[in-house]
Amino acid sequence: MNHDRLLIIDDESGFRNYVRRVGEASGFEVFATGDSRVFKEYTRSWHPSVIMIDLQMPGSDGIELLRDLADAKSEARVLIASGVDLKILDTAERLAAEHGLVISGTLHKPFSASDLRETLERLREIDGPLLAGALDHAIRSDNLLLEYQPKIDCKTGQVYGVEALVRWQHPTRGTLPPDQFISLAEHSGLIRDLTKWVLNAATRQAMEWRREGLPIELAVNLSALDLQDIKLPDFIAASCEAAGLSPGLVTLEVTETAVMGDPVQTMDVLTRLRLKGFHLSIDDFGTGYSSLVQLRKMPFSELKIDKSFVIEMKRNQDCHVIVKAVIGLGQELGLSVVAEGVETADVFEAVRKMGVDAVQGYFIGRPARADRIEEIVRTRSVGTP
């Protein structure tokens, strides 16, 4: 039986058929309807893995349907597709998350078949004991790889560091990005083994670059569950020592939501990491409700503005105001500020003029394998005044 099931509710029959074709081509079993009563019945009886909801429909709007999904305790991944104003779309996404639904993003109509296909392929299920076992095997047998996304110093215009991003070389699904298996690693208890693999591989590679004359700084992401391991600071320090890499060249990135689990133990772990010389970055800043509290309590040295604000700042005045305010906040607190999601020259120039310290995004460079980083570092630069 196919466990990749896509349930669609939209009042436009042409759109339903369009999504059905793309969904089936992406490997989904698909059911589409414009009737909210049929939708609710299939939500409970058909057990979809992904649900696509339009916000504007006669009779029952998408907000009501999201509330119904929450009441039904749906575990499906929810994708909101609508042509409403982007601010309403963003608010609906946040509301759904507050309801406890698994929100996998939004698509603003009209969108291309390639964008839809890419989104649906990202949402293909990979859960279950068998695949958890496959991930465990991949970690133990090195069937993982790292790609590195460059970061540019806005003062010099030069690449100064990279963020390490893990990929799973899956035997049947191909190369999988982290958002398709990190939750699996967390739920199956494999996240610490995965983090250790990434740290060991990334620190060795960073030291290899430095031996080749590339003074590259390294950023590595930590999971919320990693922060509950009181031995984590010792392990990371030992990993750097084994590679010969100074802790001062390593930034450990944690999301603001990750530091909310056990604040006392998290503060213990993060403070010990800072004492050992590591830099700490609060990632995806602005997407949680306790950002300012975390900045006051935790020993961060860097702030990364969430890409959702940066990507939209040229089209959305609210996002522009938020980005400018966050940069000013970081400067006042003595933090290095990084803008992620910089995809165009206009956005780069805008955040640079606002005083951001560094940028990351497709305009600077997409994630690349280690053997391409030397070329990127030596040839990629962005002009500065």
**Fill in**
Restricting segment 19-42 to residues that are in contact (Cβ under 8 Å) with a residue 40 or more places away in the chain and surrounded by fewer than 16 Cβ atoms within 10 Å (Cβ to Cβ), the one nearest to the chain's Cα centre (by Cα) turns out to be 27
**Message:** Quick check on segment 68-93: of everything there that is in a loop (DSSP other than H, G, I, E, B), hydrophobic (A, V, I, L, M, F, W, C) and at pLDDT 85 or above, which residue is farthest from residue 309 (Cα to Cα)?
**Reply:** 72
**Item:** Residue that is modelled with the lowest pLDDT [pool: residues in segment 220-245 that are surrounded by 15 or more Cβ atoms within 10 Å (Cβ to Cβ) and not in a helix (DSSP H, G or I)]
**Value:** 224
**Request:** Give the residues of segment 312-327 that are surrounded by fewer than 23 Cβ atoms within 10 Å (Cβ to Cβ) and either touching a strand residue (DSSP E or B) at 6+ places or on another chain (Cβ under 9 Å) or closer than 18 Å to residue 156 by Cα (or both), sorted by residue number.
**Result:** 322, 327
**Request:** State whether one or more residues within segment 201-219 are surrounded by 19 or more Cβ atoms within 10 Å (Cβ to Cβ), closer than 26 Å to residue 77 by Cα, in contact (Cβ under 8 Å) with a residue 24 or more places away in the chain and in contact with a Gly (Cβ under 9 Å, 6 or more places away or on another chain).
**Result:** no
**Request:** Please tell me if residue 146 is assigned by TED's automatic domain parsing to the domain that holds residue 182 and surrounded by fewer than 21 Cβ atoms within 10 Å (Cβ to Cβ).
**Result:** yes
**Request:** From 172, 195, grab the single residue that is among the polar types (S, T, N, Q) and under 19 Å from the mean Cα position of the chain (by Cα).
**Result:** 195
**Request:** Return a yes/no flag: does segment 189-203 have any residue that is part of a strand (DSSP E or B), aromatic (Phe, Trp, Tyr) and either modelled with pLDDT of 95 or more or outside the structural domain of residue 251 (by TED's automatic domain parsing) (or both).
**Result:** no
**Request:** Find all pairs meeting these conditions: Cβ atoms under 7 angstrom apart; at least six residues apart or on different chains; first residue within segment 67-84 and more than 15 Å from residue 42 (Cβ to Cβ); second residue among the acidic types (Asp, Glu).
**Result:** 80/93; 81/54; 82/54
**Request:** Of the numbered conditions (1) aliphatic (A, V, I, L, M); (2) touching a Leu at 6+ places or on another chain (Cβ under 9 Å); (3) more than 17 Å from residue 99 (Cα to Cα), residue 38 fails exactly one; give the number of that condition.
**Result:** (2)
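If the requirement is being outside any helix (DSSP H, G or I), within 30 Å of residue 319 (Cβ to Cβ) and not hydroxyl-bearing (Ser, Thr, Tyr), which of these qualifies: 55, 65? Give the derivation first.
Details: 65 fails: outside any helix (DSSP H, G or I).
So the residue among 55, 65 that is outside any helix (DSSP H, G or I), within 30 Å of residue 319 (Cβ to Cβ) and not hydroxyl-bearing (Ser, Thr, Tyr) is 55.
Listed residues 185, 96; which is in a helix (DSSP H, G or I), at pLDDT below 90 and in the same structural domain as residue 359 (by TED's automatic domain parsing)?
Numbers: 96 fails: in the same structural domain as residue 359 (by TED's automatic domain parsing).
Of the residues listed, the single one that is in a helix (DSSP H, G or I), at pLDDT below 90 and in the same structural domain as residue 359 (by TED's automatic domain parsing) is 185.
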**Prompt:** When the residues of segment 128-174 are filtered to those that are farther than 23 Å from residue 374 by Cα and of a type in the set (Ser, Thr, Tyr), which remaining residue is modelled with the lowest pLDDT?
**Reply:** 172
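The values are calculated or read from the model by the stated rules, or taken from the named source; none is laboratory data. These numbers come from a predicted model, not from an experiment. A quick note on method: Cβ atoms are made from the backbone with ideal geometry, for glycine too, and the neighbour counts reach across all protein chains shown.
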